[in-house]
Amino acid sequence: MIIGYARVSTEDQHLDVQTSALEAIGADRIFAEKVSGTKKSRPELDRMIEQLRNGDVVVVTKYDRLSRSLQDLLNIVEAVGAQGAGFRSLAEDIDTTTPAGRLVFHVFEPPPVCRRAFGSNVKRLYQEYSGLHSRPPRLRLV
C-alpha cells in the first residue's frame, strides 16, 4: 500500500500541491497536517507510523516535509523501516525499497562517531567557513 504524508508549517499554507502529487502517484491513503516540522508532537505522523504494515511505502513530495533536521529524518525513516515499510521521496528520488535507494539514503547518515565528534560544531564551522569564503577576492590588473 502506498501511504502519503503531507505537511505544511502554518495554517495559512495549503496542502493542495502535495496531496495532488501524492494522489497522482497512486497513494492509497494520505495523512496530512498543518504543524511545524520542528515540533516533536505531530499526531498525523505518529498515527501513520502506528498504522504501517509490512510492505507499505511511505511517500513524501520532498523529504523536508517529513522532517526539518537530518537526525529527525533518520529517526523517522528508521521507525518506518521498523514497521516493515519503505520510504520514498519524490523530489530527491530516494526509494528505500530498492538496494540503490537504500545506499543513497544511507549516504545521508553520518557514522555515530562523526555525530558525536562534529555534531555540536557543524553549524559553527559552517558559519566560519561561510564568513571566510563568502566572496571571492577582487581581481586586480597589474
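Readers should treat all values here as calculations from the given coordinates under stated rules, not as data from a laboratory. All values derive from a computational prediction rather than experimental measurement. All Cβ positions, even for glycine, are placed from backbone atoms using ideal geometry, and neighbour counts span all protein chains on display.
Mind giving me the nanometre distance, one decimal, between the label points for residue 107 and residue 51, set 7 Å out from Cα along Cα→Cβ?
It works out to 3.4 nm between the two label points.
Return the tail of the calculated pair distribution for segment 1-85, meaning the percent of Cα-Cα pairs more than 23 Å apart.
Of all Cα-Cα pairs in segment 1-85, 14 percent lie more than 23 Å apart.
As a footprinting exposure proxy, order 35, 17, 107, 59 by other Cβ within 10 Å, with the fewest listed first.
Sorted ascending by nearby Cβ count, the order is 107, 17, 35, 59.
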